[in-house]
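Taken together, the values in this text are just the output of simple stated rules run on the coordinates, not laboratory data. All of these numbers come straight from a predicted model, not from anything done at the bench. Because the Cβ atoms are built from the backbone with ideal geometry, glycine has one as well, and the counts that use them run over all protein chains shown.
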Amino acid sequence: MKNMDEIGSILNAVLGKTGGYEASALYYRQQRLATRFADNAITQNLGGSEEYIRLTLGQEGRRGSASTNKLDADSLASLIKRAEAICGDVAPDPEYMPPLPQQEFPQLSGRFCEETASLTPADLAARVGEVAALAAAENYRASGIITADHSRTVLANSAGLHASDDVTEFKVSSTMHGPKGSGHGSAAANLAAKVDLRAAAGKALATAIAAQNPVDIKPGDYDVIFEPGAVWSLLLFLAFNLDAREAEEGVSAFTDLVGEKVFDERVNLGLRLDDPNLSPPPFALNGLATRPVEWVRDGILQRLNHTRYWAGQKGVEADPEVVPLYMAGEDRSTADLIANCERGLLVKRLWYIRYVDRKELLLTGMTRDGLFRIEDGRVVEPVKNLRFNESPLVFLKNVCGLSRTERVDSWEKAVVPAVMSREFTFDSKTESL
């Protein structure tokens, strides 16, 4: 992998040949190992890297971008010509924003781990062996994926900005399958040593054992306890709808709600730089430095995400990122939440979530990998999966308890608690196990 000095020299050479344009050049390289497994055996090993440069040129409001994964001199010369041609062919963009000058980027620790970057396929295979052994001991079947990634990003532009980031990430995702029910467990961290593989696989196995032979249950409105992974599946859709422009143009569920109490007072959402389990990148790909942001405080919507263009129109500071998202919790466990639930459902995981009405932020999806009935503060039996129709706004408005937080991963990273909420709407049954 090229070091930062080598990458900087390449980007500066490209920018040096773009006179007369406002230019930005992004270098990205990812080195990935991944091992997939099913039926307690490895089914696929993936390994390799991708590397590219994307060049964006601007002139008189026009903008053209081109990219290449070949970094020899001829390919870089061709890259510049293609970006120039595209820039010359397009119409002026009324929302064009010029490159940013140098920013003051936060110093964020814990993003890179040499141990993670040095893992080998044999290391991942050994970890799969541990997961498979746990499943086989109970005559269950394990499937999933273990990955180790190392990514390097460097951004430079004609206005003098230069930013770089090195990040590693180790993830394990495992599903345990029994005859009539399954369970899931996952964990992720920048530092491989912080991932408790046996705990994640053990949780999946314990859930799968408890989930066997689920009973039928009627759809309806139920008090629910969502474990953190299920919480994030809903909040991810909320996070990507925190857009100031859409709200002000009246096409968002958040129209006219800034400054209003939208959620239960326990709800606090933000982007933090000080959580060791959730270190965000120091900059966005447009060059803005990452900074702490409060989206929701004590249930009150504080702010919506402003792009550079929309922030300029409104005379406010632009926001670099919405995620990774942090949701504050309370000093309780998920078991404590269950003990305080008179009657309800414990939701382990969600999938196939889709919009029903994007303007209202109404979603539909299904439970999976363990759904359980709670009576008098105890989990009493597994139940068959249900389809829901509900909004994360309603889910967070009806909060009546939170657990301690933990890191979860899907498309994006987050730190969230388990959430207890009232009257969550399940509208039909599903045949999925």
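With one equal scatterer per alpha carbon and no solvent term, the Debye-computed log10 I(q)/I(0) for the range 217-319 at 0.11, 0.14, 0.17 1/Å reads -0.42, -0.66, -0.94. Comparing mean-square fluctuations of 166, 264, 89 from a GNM of the chain with C-alpha springs under 10 Å, the top value falls on 89. Computed from Cα positions, the angle between helix 4-15 and the longest principal axis of the chain comes to roughly 50 degrees. For residue 180, a cut-off of 24 angstrom between C-alpha atoms picks up these lysines, skipping any fewer than 8 places away in its own chain: 203, 218, 348, 384, 429. The average projected area of the range 120-169, computed from the convex hull of its Cα atoms over all directions, is 4.7 nm².
Extension gain for residue 90 to residue 285 (0.36 nm times residue separation, less C-alpha to C-alpha distance): 68.0 nm. Find how many whole Å separate the alpha carbon centroid of the range 30-83 from the alpha carbon centroid of the range 158-226. Cα centroid to Cα centroid, the span is 29 Å.
Dividing the Cα convex hull volume of the range 282-433 by residue count, how many Å³ per residue is that? Don't skip to the answer; put the middle values down first.
Working: hull volume 20.8 nm³, N = 152.
Looking at the range 282-433, the number lands at 137 Å³ per residue.
Extension gain for the segment residue 198 to residue 356, taken as residue separation times 0.36 nm less the Cα-Cα distance, is 53.1 nm to one decimal. Between the alpha-carbon centres of the range 141-156 and the range 344-367 there is a gap of 27 Å. Computed from the C-beta positions of residue 265 and residue 342 and an R0 of 22 Å, the FRET efficiency is 0.50 to the nearest 0.05.
Between residue 75 and residue 139, what length comes free when the chain is fully extended (0.36 nm per residue of separation minus the Cα-Cα distance, one decimal in nm)?
Values: separation 64, 0.36 × 64 = 23.04 nm, distance 5.47 nm.
Gain on stretching residue 75 to residue 139: 17.6 nm.
Taking every alpha carbon pair in the range 4-207, what does the distance histogram look like in 5 angstrom bins from 0, in percent? Answer for the range 4-207: a P(r) of 1, 7, 13, 14, 12, 10, 9, 9, 8, 7, 6, 3, 1, 0 percent. Taken about its Cα centre, the chain carries a charge dipole of about 800 debye when Lys and Arg each add +1 at the Cβ and Asp and Glu each add -1 at the Cβ.
In degrees between 0 and 90, to the nearest 10, how far off the longest principal axis of the chain does helix 121-137 point, with axes built from Cα atoms? The angle comes out near 10 degrees. Using a Gaussian network model on the chain with a 10 Å cutoff between Cα atoms, which of 374, 225, 86 fluctuates the most? Maximum fluctuation in the GNM of the chain, among the listed residues, is at 86.
Compute, for the range 214-433, the length of the dipole vector about the Cα centre, with Cβ point charges of +1 (Lys, Arg) and -1 (Asp, Glu) only. Units Debye, rounded to 20. Before the final figure, lay out each step's value.
Details: 28 positive and 36 negative charges, 77 e Å.
The dipole magnitude comes to about 360 debye.
Placing unit charges on each Cβ (+1 for Lys and Arg, -1 for Asp and Glu) gives the chain a dipole about its Cα centre, and among 416, 247, 163 the Cα reaching farthest toward its positive end belongs to 416. The Rg/Rh ratio for the range 17-118, using Cα coordinates for both the radius of gyration and the Kirkwood hydrodynamic radius, is 1.14. With the biggest extent put first, the Cα atoms of the range 153-212 measure 61, 22, 10 Å across the principal axes.
Where does each of 343, 29, 63 land when they are ranked from fewest to most other beta-carbon atoms within 10 angstrom?
Details: 343 12, 29 18, 63 21.
Least crowded to most crowded, the residues run 343, 29, 63.
Coupling constants for the range 326-338 follow from the phi torsions by the Karplus curve (6.51 cos²θ - 1.76 cosθ + 1.60, θ = phi - 60°), and in residue order they are 10, 10, 5, x, 10, 7, 9, 9, 4, 4, 5, 4, 4 Hz; glycine and proline get x.
Only residues of the range 204-218 count here: report those whose backbone N is under 15 Å from the spot 7 Å along Cα→Cβ of residue 130, or say none. Hits in the range 204-218 for residue 130 at 15 Å: 204-205. Note on the chain: GNM, Cα springs under 10 Å; of 384, 171, 194, the largest mean-square fluctuation is that of 194. Taken along the Cα-to-beta-carbon direction at a fixed 7 Å, the label points for residue 331 and residue 108 span 2.9 nm. What do you get for the angle between helix 197-210 and the principal long axis of the chain? Use alpha-carbon atoms, 0 to 90 degrees, nearest ten. Taking the Cα atoms of the chain, the angle to 197-210 is about 40 degrees.
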